[in-house]
Amino acid sequence: MKRIVFCDFDGTITQAETFVAMLREFTPVLSERLLPEIYAKRLTLRDGVRKFIQSIPSARYGDIIEFTRSQPIRPGLLELLDFLESREIPFVVISGGLMGMVESVLNPLRHRIYAIHAMEVDTREQFLQVHSAYESETEIVAKAQIMAKYNADQSIAIGDSITDLNLALAAEVVFARPPLTRYLEERNKAFIPWSDFFEVQDYLRDHVLGGSFEQSLRTH
Ligand SMILES: [Mg+2]
């Protein structure tokens, strides 16, 4: 069976929401105006994020990377990577944030991660430009599309927010933190609550890789 773990970055691997924090820091006026519009769904994530990013001068890109580098990682990630490696299960990071931000945090672990998908940044113009190979109507990084490309028999999703919802709905096994938990409850999608990567590892070892996952979901 081809199993793959698909993991969100912001608020999942990092303890804090680094992308929104970055927007507030680097585009304070615009983010005060546009963030409520995005949360109220009057503006798509795709159009909102593009407006934010393209308002930042390319010369500041280095500062953005620096801003992210010291972000604390949720405990147990290294141990989870060890565990998955021993079971030959790829770990794929899918982020709606900037590739440079994700890479600056994950750099020491980069060789342990099968792939990282995030927004690509172009710094050749006066202002930052962003693009991704998987853009949809509403998202610059359409996470569920990326997951589908891998054709896994069992997709294991780990996430924390509404931007992980489509990914979670399409995955066989879902580890969710609030507020993603609420959106999944509304849609009657089963999930495993978690607070650090040690819990993810324990659950995978005890319930998923042993083959008793279906049974445990029924009794959950
Ligand atoms: Mg997140």
Wholly within segment 1-109, which helices (runs of 4 or more DSSP H) include no fewer than the required count, namely at least 2 residues that are within 16 Å of the ligand (Cβ to nearest atom)?
-> 18-26, 28-39, 45-53, 99-106
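So that you can scan it fast, the table gives a plain yes or no per residue for (1) more than 16 Å from the ligand (Cβ to nearest atom); (2) farther than 19 Å from Thr12 by Cα:
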{"site": "Ala170", "(1), (2)": "yes, no"}
{"site": "Phe175", "(1), (2)": "no, no"}
{"site": "Pro178", "(1), (2)": "no, no"}
{"site": "Arg205", "(1), (2)": "yes, yes"}
Can you name the number of the only condition in (1) buried (at least 19 other Cβ atoms within 10 Å of the Cβ); (2) within 12 Å of the ligand (Cβ to nearest atom); (3) of a type in the set (Val, Ile, Thr) that Ile162 fails?
-> (1)
Could you please tell me which pairs satisfy a Cβ distance under 6 Å, a separation of 6+ or placement on different chains, a first residue in segment 145-162 that is more than 15 Å from Val5 (Cβ to Cβ), and a second residue that is more than 15 Å from the ligand (Cβ to nearest atom)?
-> Gln145/Tyr134
Pick from segment 132-159 the residues that are surrounded by fewer than 16 Cβ atoms within 10 Å (Cβ to Cβ) and at negative phi: which of them is farthest from the ligand (Cβ to nearest atom)?
-> Asp153
What residue, among those in segment 64-86 that are charged (D, E, K, R) and at pLDDT 95 or above, is nearest to Leu23 (Cα to Cα)?
-> Arg74
Scan Phe52, Phe67 and give me the residue that is more than 18 Å from the chain's Cα centre (by Cα), without any contact (Cβ under 8 Å) to a residue 60 or more places away in the chain and closer than 14 Å to Thr14 by Cβ.
-> Phe67
Test: Leu169 is crowded, with 17+ Cβ neighbours inside 10 Å, at pLDDT 95 or above and among the hydrophobic types (A, V, I, L, M, F, W, C) = no
Would you point out the residue of segment 4-58, among those that are crowded, with 21+ Cβ neighbours inside 10 Å and in contact with a Pro (Cβ under 9 Å, 6 or more places away or on another chain), that is modelled with the lowest pLDDT?
-> Thr14
Going by the conditions given, is Leu84 closer than 21 Å to Leu167 by Cβ and either acidic (Asp, Glu) or under 16 Å from the mean Cα position of the chain (by Cα) (or both)?
-> no
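The values are calculated or read from the model by the stated rules, or taken from the named source; none is laboratory data. Quantities reported herein were computed from a predicted structural model and do not represent experimental measurements. Backbone-built Cβ (ideal geometry, glycine too); neighbour counts: all protein chains shown.
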